[in-house]
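Trainee: Could you have a look at this structure, given as structure tokens, before my questions?
The values are calculated or read from the model by the stated rules, or taken from the named source; none is laboratory data. All values derive from a computational prediction rather than experimental measurement. So basically every Cβ, Gly included, is an ideal-geometry build from the backbone, and we count neighbours across all protein chains shown. Side chains are part of the model used for accessible areas, which takes the heavy atoms of the whole protein and leaves out ligands, DNA and RNA. Shrake-Rupley method; radii C 1.70, N 1.55, O 1.52, S 1.80 Å.
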Amino acid sequence: MWNEAKKHLMTGVSYMIPIVVAGGILLSLGVIIGEETSMGEQLVNYGVWTLGLMVPMIAGYISYSIADRPGIAVGLASGVFAAELGTGYIGGILVGFFAGWITNQLKKIPLHPNIAVIKPIMIIPVLGIGAAAIFMWLISIPLAPAMTGLENWLNSMEGNNLLILGFIIGAMMAFDMGGPVNKIALAFCYATLAEGIYAPMAACWIGIMAAPLGLSLATLIFPKKFSKSEKGNAIPAVLMGSLGITEGAIPYAVATPLKVIPVITIGSGIGGGIALMLGAESPIPAAIGIWGLPFVNGPFMLLIGLLVAIIIIALTVGILRKESDVDDSEDAGLSF
């Protein structure tokens, strides 16, 4: 069941990301040009309006993944309800799953052939959207105040609080390199992005990129402590890291997990905390990689945090690893 839910969620995220990237870049360009200018003001507006599609998109395409094409209309409308009722990204995810489920139930209703022709264009959309509206209203009662409280708490953060928040996000993103913990942190960052809070996503960038880039650097500084295959993986890992794909770190973590995973977790956390404390914010998702750096608010602050994380990871892993850890045989087991 978890694998199915994960598949539906990632379908929604994959369709949503282009909207977030486009909206974030338009918003950033407007800020760079200057909101006091006519063009800058319009770009900011376009960016905000585009980002406003985040919640309907994720709800619509989660529903689509579950119920195929009939689920799109129900999911998109449900996502609009989620956004308007103040439940944001989390509400969009929940109602997306409900929309897909209720659509599948409605598809099973037996109808006379003469009436069945209007089922996909009238019966399913009307009943599905109606049911989703009731569901969304019910869950908004506890969820909307919770989202408002989260937004107020994040907006009030400064100094050491941002350092802690950045550390937690950066560490979670790096810990399992694309696994469940990573996805929880990423979902939180998207939720804050949907509310117009951009600092958490900056820490997310570092948690995604620092591990593969830092481990690649370690192979250059300490070549005798890495196998031939690990050194050969350095360039692919750099490319993956620069594109926002943290899985480039996995080959190194598999080889010596106890000497890599704690280091990338702590190093990425420190870098994320520093970036947030210095004021870095990102209105665009980390999935775009280093190429989106010009559109980050405070790009040099994010870069400082990223470089700190990379250096910590490269030096610490290189020091901890021993030449005895190097084994180029195909049948080599894990080294601890």
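Trainee: Which of 206, 284, 164 moves the most in a Gaussian network model of the chain with Cα springs under 10 Å?
Mentor: It is 164.
Trainee: Compare 192, 50, 265 in a GNM of the chain, Cα atoms joined below 10 Å, and give the one with the largest fluctuation.
Mentor: 50
Trainee: Another question, if that's okay. Through the Karplus equation 6.51 cos²θ - 1.76 cosθ + 1.60, θ set to phi - 60°, convert the phi angles of segment 81-90 into ³J(HN,Hα) values in whole Hz; use x for Gly and Pro.
Mentor: With the stated coefficients, segment 81-90 comes to 4, 4, 5, 5, 8, x, 8, x, 4, 5 Hz.
Trainee: What do you get for the angle between helix 160-175 and the principal long axis of the chain? Use alpha-carbon atoms, 0 to 90 degrees, nearest ten.
Mentor: Compared with the principal axis, the helix lies near 90 degrees.
Trainee: Just the number, please: carbon plus sulfur as a percent of the accessible area of segment 160-325, 1.4 Å probe, no ligands or DNA/RNA counted.
Mentor: Details: 4740 of 6090 Å².
Carbon with sulfur: 78 percent of the solvent-accessible area.
Trainee: Continuing with the same structure: If you bin every alpha carbon distance in segment 146-304 into 10 Å steps from zero, what whole percent lands in each bin?
Mentor: In whole percents, the pair-distance histogram is 13, 43, 31, 11, 2, 0.
Trainee: Also, I was wondering about something else. Of all the accessible heavy-atom surface of segment 2-151, with the other protein chains kept in place and a 1.4 Å probe, what percent is carbon and sulfur? If you can, show how the numbers build up before the last one.
Mentor: Working: 5290 of 7460 Å².
Carbon and sulfur atoms account for 71 percent of the accessible area of segment 2-151.
Trainee: While we're on this one: Please check the chain for the longest run free of trypsin sites (Lys or Arg not before Pro) that are loop-located per DSSP (anything but H, G, I, E, B) and have at most 16 other Cβ atoms within 10 Å. Don't jump to the answer; show the numbers that get you there.
Mentor: Working: sites that count: 108, 322.
Formally, the longest exposed-site-free interval is 109-321.
Trainee: How much solvent-accessible surface does residue 84 expose, in Å² to the nearest 10, with a 1.4 Å probe and all protein chains in place?
Mentor: We get 150 Å² for residue 84.
Trainee: Separate question: Of all the Cα-Cα pairs you can form in segment 1-69, what percent are over 20 Å apart?
Mentor: Values: 958 of 2346 pairs.
Roughly 41 percent, once rounded to a whole number.
Trainee: Let me cross-check residue 278: its accessible surface, 1.4 Å probe, with only protein heavy atoms counted, in Å² to the nearest 10?
Mentor: Accessible area, nearest 10 Å²: 80 Å².
Trainee: Tell me what the chain gives for mean residue ellipticity at 222 nm when only DSSP H runs of n ≥ 4 count, each as -39,500 (n - 2.57), the sum divided by the residue total, rounded to 500 deg cm²/dmol. Mind dumping the intermediate values first?
Mentor: Values: 15 runs with 249 residues, N = 336.
Calculated at 222 nm, the ellipticity per residue is -24500 deg cm²/dmol.
Trainee: With a 1.4 Å probe and every protein chain left in place, work out the accessible area per residue of the chain in Å², rounded to a whole number. Walk me through the numbers on the way to the answer.
Mentor: On the way: 15320 Å² over 336 residues.
Counting only protein heavy atoms, the per-residue value for the chain is 46 Å².
Trainee: Okay, moving on. Treating the chain as a set of equal point scatterers at the Cα positions, no solvent, please give the Debye-formula log₁₀ I(q)/I(0) at q = 0.06 Å⁻¹.
Mentor: Debye intensities relative to I(0), on a log10 scale: -0.25.
Trainee: So what are the ³J(HN,Hα) numbers for segment 124-132, from phi and the Karplus equation (6.51, -1.76, 1.60; θ = phi - 60°), rounded to whole Hz, Gly and Pro as x?
Mentor: Result, rounded to whole Hz: 5, x, 5, 5, x, 5, x, 5, 5.
Trainee: Under the Karplus relation 6.51 cos²θ - 1.76 cosθ + 1.60, θ = phi - 60°, what is the ordered set of whole-Hz ³J(HN,Hα) values for segment 23-30, x standing for Gly and Pro?
Mentor: Taking θ as phi minus 60°, the curve returns x, x, 5, 4, 4, 5, 4, x Hz for segment 23-30.
Trainee: Which of 58, 141, 115 moves most in a GNM of the chain, Cα contacts under 10 Å?
Mentor: Ranking 58, 141, 115 by mean-square fluctuation puts 115 first.
Trainee: What do you get for the angle between helix 38-51 and the principal long axis of the chain? Use alpha-carbon atoms, 0 to 90 degrees, nearest ten.
Mentor: Around 80 degrees separate the two axes.
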